[in-house]
Amino acid sequence: MQRPASGAHADCVTARPDSGCATDAMARVLARTCVDAVQAVGGFAGGIYLRSGVEGLLLLAVVSGLPGRLFRPWWRMQVNRPYPVAEAFRSGQSVHLPDAEVATRRFPQLMAGLPFPFGSFYEPVMAGSERFGVLFVLRPATPGAPVGAADRERLRSAADGLAGELAALTGAGEPVSWTGDPVGVPPPETAQGAREAVERLALALLSVDREGRIRYVNRAAAALLGLDAPELRGRMLWQAVPWLGQPAYEDHLRGAFMSGEPVRFPARLGRQPDAGWVAVELYPGPDGVTVTIDTAEPPGYAPETGARSPAGPGSSADRASALYRPVALAIALTEAVTARQVSAVVTQELLPAFGGRQLAIYLLNERHLHLAWETGFPQGFLDRFDGVGLDVRLPGVETLTSGRPMFFESMEHLAKAYPGIPLDAHVGARAFLPLIASGRPVGSCILGFDAPRGFSPEERTVLTALAGLIAQALERAQRYDTEAALARGLQAALLPHRLPVRENVETVGRYLPGTQGMDVGGDWYDVVETGDGLLALVIGDVQGHGVAAAATMGQLRSAVRAFTLGGSAPEQVVAGTNRLLIGLDPGQFASCCYVLLDPVSGRARAVRAGHPQPLLRHADGRAEVLDLPGGVVLGIDPGATYPVTDLRLAPGSVLALYTDGLVEQAGEDIDLGVERLRAALAAARPSPLTETADRLIGGAGDSADRPDDIALLLASRTGGRGAAKT
């Protein structure tokens, strides 16, 4: 797709060949909706996130009114993240943020990344129960004034219209998902206005549109940049003025496009140490940004590569933009649970803040440093340093043993300080940071840069402080990992390793731990043989996770077995277990479903305590959700009673007991998950039962981002010799 000619409608969009646009038809629909929605509510920018081929990941598909390059950190959005786009998608509800104060209160991580005064709306794009993505619009902030009903309705109408068109594309067999980079949608052309006055100015002046593309250059600007005006018009600002494209200046550019306030900052005319300094001023408006460039004295600190200098005169957006990356890193680290999550946060937040390209994190274990994370280095290069002892003379070791950060402004400086050290590149710069938490050594962090650069005193201080935050997060993650391993071991020891083998019935159990941090330990299943030839089928879910939940689960499983083997009726088993849990007072509660089955006749008596309803697949392939009356969850009311329901399992039928982790998804009604499981059970072959269990749990097992553990217990009337497998 090519850039439209002047005056073309937004049915045409701009995209690179690898943009990932699925079809021209879908791109046109997205572009038209985006531009119309922005205009409808008086916005200055907007875009649409669409679902991707990766579960739980949204991708920015189209954007209008903003230079896409400046907002690369927000191109990808996990639906479980604390951002308004993710919440709108998860909940299926609109999110309206009229100003920065409301946005900061509800979504601090968003405002840490974009600390500018703006309002924003987020509308889920849904057709029935199918969720395609989220439409968003940015507009000037309206402090103290709620979003009006008319604007809400306009945006909702735009999202509904888009959902209808995407549903039609789906019905026609076209996939509605996104891969690759977002497509830039040019805003409508506006009048150019008179230019004669600015041509007489000695001050260099440029005008760029909301995409960051140069629309006008006066003579002074053309002379300053050494190019004729026709050569500059139509080019992106940072392509025409490469020194403005440095990461140190990107924050200022973002501030101009996101706020209505002028932004001022000093900049160096190139990367050479002898390059002169200029004062850059950005004046944003609804249709674009006016840029002026004037000569200026060097700032108090002039790093070799023009990295950010100490704050000087300017708007609040200038001062906030210098701080937002460290603040965003600090907030994100509080949410990271595992060492891998901490490392990923550092990659996403720390590297862009300082223009880094390489990152390595080493963790200390028994006086040796082991590589825990790397990105940007040549494949296999860091393997030679994995497991080095603390007596080896390497910068990554000595920064930890000395507790002193080490900065090398060029690879030549690094090679001179450590003769003979292997280098992954001949050009660049490196920072080695000690990871020390409350005086305890945790490891070391290496930041790599593709070009030589200086490190200002401010940058050195910030990096050192951030290294401390990273160390604390990693130490906390190591404790979580240790406790998670303990909880998993305890869980494995407490779950049954094999189930009883009986005639006329076959049972199969499955368990999957959660994949997020400490999400393990609360779910269990069991099959208990009674003295009179009956089988008790049990499944339960302890609230919470970790070692405490696993321990409580073990106590409840033992209690259920004891009451069952003692000959108690089903309602007495559950009521007795409830009183026991209250007496133990672990500060937890649990759900449970208990079915006492006669394998010969198929008759069963079922009791439910706050647990999801079982499923029953009949021999003819029909599957239904049983409607068992139940009592409150265990551990709440010592006087609770639990009604009994009589059932019958005919030969060839399958009873499915499960925990909510199998049917729950963030932002979705649990009934939808139960219906999916019912449909999958109906479609599955009744034999062999192991294949049925694997099919029902398979989708959840493939997920790398599963927030809860899962237990599944199937029981099938065979009419002959039965079997049981775990």
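Brief remarks follow.
- Some residue of the range 414-435 being within 30 Å of Arg479 (Cα to Cα) and open to solvent by 40 Å² or more (accessible area, probe 1.4 Å): no
- Boolean, Glu297 is open to solvent by 40 Å² or more (accessible area, probe 1.4 Å) and either modelled with pLDDT of 70 or more or assigned to a strand (DSSP E or B) (or both): yes
- Single condition Glu130 does not satisfy, out of (1) open to solvent by 10 Å² or more (accessible area, probe 1.4 Å); (2) in contact with a strand residue (DSSP E or B) (Cβ under 7 Å, 6 or more places away or on another chain): (2)
- Residue count for the range 40-67, restricted to those that are crowded, with 23+ Cβ neighbours inside 10 Å and among the small types (Gly, Ala, Ser): 7
- Of the residues contained in the range 92-109, one or more are found to be open to solvent by less than 10 Å² (accessible area, probe 1.4 Å), assigned to a strand (DSSP E or B) and among the aliphatic types (A, V, I, L, M).
- No other residue among Phe132, Phe136 is out of contact with any Phe, Trp or Tyr (no Cβ under 6 Å at 6 or more places or on another chain) and assigned to a strand (DSSP E or B) apart from Phe132.
- Cβ pairs under 6 Å, 6+ apart, first in the range 606-627 and at positive phi, second in a strand (DSSP E or B): Gly610/Ser591
- Check on Ala493, within 17 Å of Gly554 (Cα to Cα), at pLDDT below 80, within 25 Å of the chain's Cα centre (by Cα) and among the small types (Gly, Ala, Ser): no
- Matching option when the condition is farther than 20 Å from Gly180 by Cβ, in contact with a strand residue (DSSP E or B) (Cβ under 8 Å, 6 or more places away or on another chain), open to solvent by less than 20 Å² (accessible area, probe 1.4 Å) and assigned to a helix (DSSP H, G or I), among Ala37, Ala27: Ala37
- Screening the candidates Ser64, Ser52, Ser120, Ser94 for the property of being touching a strand residue (DSSP E or B) at 6+ places or on another chain (Cβ under 6 Å), among the polar types (S, T, N, Q) and more than 28 Å from Asp287 (Cα to Cα) yields one hit, Ser52.
- The range 644-680, subset under 19 Å from Arg510 (Cα atoms) and either of a type in the set (Lys, Arg) or in contact with a Cys (Cβ under 6 Å, 6 or more places away or on another chain) (or both), residue most open to solvent (accessible area, probe 1.4 Å): Arg676
- Breaking point among (1) modelled with pLDDT under 80; (2) out of contact with any Ser or Thr (no Cβ under 9 Å at 6 or more places or on another chain); (3) polar (S, T, N, Q), for Thr464: (1)
- Residue list for the range 399-429, restricted to those being touching a residue at least 24 places away in the same chain (Cβ under 8 Å), of a type in the set (D, E, K, R) and farther than 20 Å from Val462 by Cβ: Asp424
- Some residue of the range 399-411 being touching a His at 6+ places or on another chain (Cβ under 8 Å) and part of a strand (DSSP E or B): no
- Ala451 under 30 Å from Trp243 (Cβ atoms), aliphatic (A, V, I, L, M) and open to solvent by 20 Å² or more (accessible area, probe 1.4 Å): yes
- Residue in the range 224-238 that is open to solvent by 10 Å² or more (accessible area, probe 1.4 Å), part of a strand (DSSP E or B) and out of contact with any Gly (no Cβ under 6 Å at 6 or more places or on another chain) present: no
- Matching residues, the range 110-129, being assigned to a strand (DSSP E or B) and among the aromatic types (Phe, Trp, Tyr): Phe121, Tyr122
The values are calculated or read from the model by the stated rules, or taken from the named source; none is laboratory data. Since the structure is predicted, the reported quantities are computational estimates derived from the model, not experimental observations. Using ideal geometry, Cβ is built from the backbone for each residue, glycine included, and neighbour counts are taken over all protein chains shown. Protein only, heavy atoms only, side chains kept; ligands, DNA and RNA dropped before computing areas. Shrake-Rupley method; radii C 1.70, N 1.55, O 1.52, S 1.80 Å.
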